[in-house]
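Here's the structure we're looking at; comments come further down.
The values are calculated or read from the model by the stated rules, or taken from the named source; none is laboratory data. This one's a predicted model, so the numbers in the text were calculated from it and none came from an experiment. Every residue, glycine as well, gets a Cβ built from its backbone with ideal geometry; the counts of neighbours run over all protein chains shown. For accessibility, only protein heavy atoms count, side chains too; no ligands or nucleic acids. Shrake-Rupley method; radii C 1.70, N 1.55, O 1.52, S 1.80 Å.
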Amino acid sequence: MPGPSASPPPGTPRRDTRGIVDASGLLTRVRFRRHTPAEPLRPYLEHYWLIDWDLTEPYVTHVVPHPSVNVVFQDLPGRGPFGEVAGIGLGLFSKELTGRGRVCGVQFRPGGFRPFAPGRAMADLTGREVPLGDVFDDVRPDAAATVLGPDDEHARVAALDAFLLRHGPAPDPQADLAMELADRIRADRTVRRVGDLAREAGLSVRALQRLFAAYVGVGPKWVVLRYRIHEALERAESAAAVDWADLAAGLGYADQAHLVRDFTATVGVPPTAYAPG
């Protein structure tokens, strides 16, 4: 039954595939790597993620997004290199990969992007993908090409470091608090009620909700539910049979039916499609 678990240090790449639907199918078709950012950036970032592919047939990948803002540089067939800021996706993200392409992405910690966009409410970016210049000041015209161009992936990582360090971060105690509370939700499955989290943080429920809207982009309840679905998806894709009633109880659901409903609404198919046992 899921319970408290330690989170990796900030900036340390995760080793799991949480959020990726049919992770094995994706990883047999693309080269997917995660990298650690430069030390000054680690308090704000989860990791960098790099994907390269060269496909003879199109493949559609599906991801249940994390409660994180991403900066994404892409080089896709038929289009020159470009970069954008992707706010938190509220639903299932689907993308068709064709031909030969490359993506270099930055996944921020929940709450960690605000120091790079001071004064901007993260809720304004939720569900949106916007050009870099709409968020960052003075973006160089060759920024995307500089990141995506090198064949050496470590050179791409260095270019990502340089881009982010040029644009921040600006210290912000409220961002630190938002990151701390979001990390508590992720690491401790016993955190289930927004009121309890607010009380532990010394905030009213309304103040906590305002903090998350401004610094994360979604409410704390949404973050709780999303991490539950990530846990269920990870378990569903495992080889072992899943006791859904036990998992539902461990994730804080009233019963198995509520877990199945949320899973199906988010992923598009019931959990038994992944774990028939």
Checklist entry - Leaving out ligands, DNA and RNA, what percent of the accessible area of the chain is carbon and sulfur, probe 1.4 Å? => result 51
Next on the checklist: So with the 1.4 Å probe, I'd like the accessible area per residue for segment 212-272, rounded to whole Å².
Outcome noted: 39
Checklist entry - For residue 183 and residue 100, FRET efficiency with R0 = 51 Å and r from the beta-carbon atoms, rounded to 0.05? => result 0.85
Item to check | Added length on full extension, which subtracts the Cα-Cα distance from 0.36 nm per residue, residue 38 to residue 62 | outcome: 5.7 nm
Item to check | the chain - percent relative contact order, Cα under 8 Å, separation 6 or more | outcome: 20
Checklist entry - Summing -39500 (n - 2.57) over the DSSP H runs of n ≥ 4 in the chain and dividing by its residue number, what mean residue ellipticity at 222 nm do you reach, to the nearest 500 deg cm²/dmol? => result -10000 deg cm²/dmol
Next on the checklist: How many angstrom lie between the Cα centre of segment 93-130 and the Cα centre of segment 23-85?
Outcome noted: 10
Checklist entry - At residue 245 and residue 130, where each label point lies 7 Å from the Cα along Cα→Cβ, what is the point-to-point distance in nanometres? => result 4.9
Checklist entry - Loop-only check: which trypsin sites (Lys or Arg not before Pro) in segment 69-135 are DSSP coil with at most 12 other Cβ within 10 angstrom? => result 79
Next on the checklist: So, for segment 68-159, what is the accessible surface per residue at a probe of 1.4 Å, expressed in square angstrom?
Outcome noted: 43
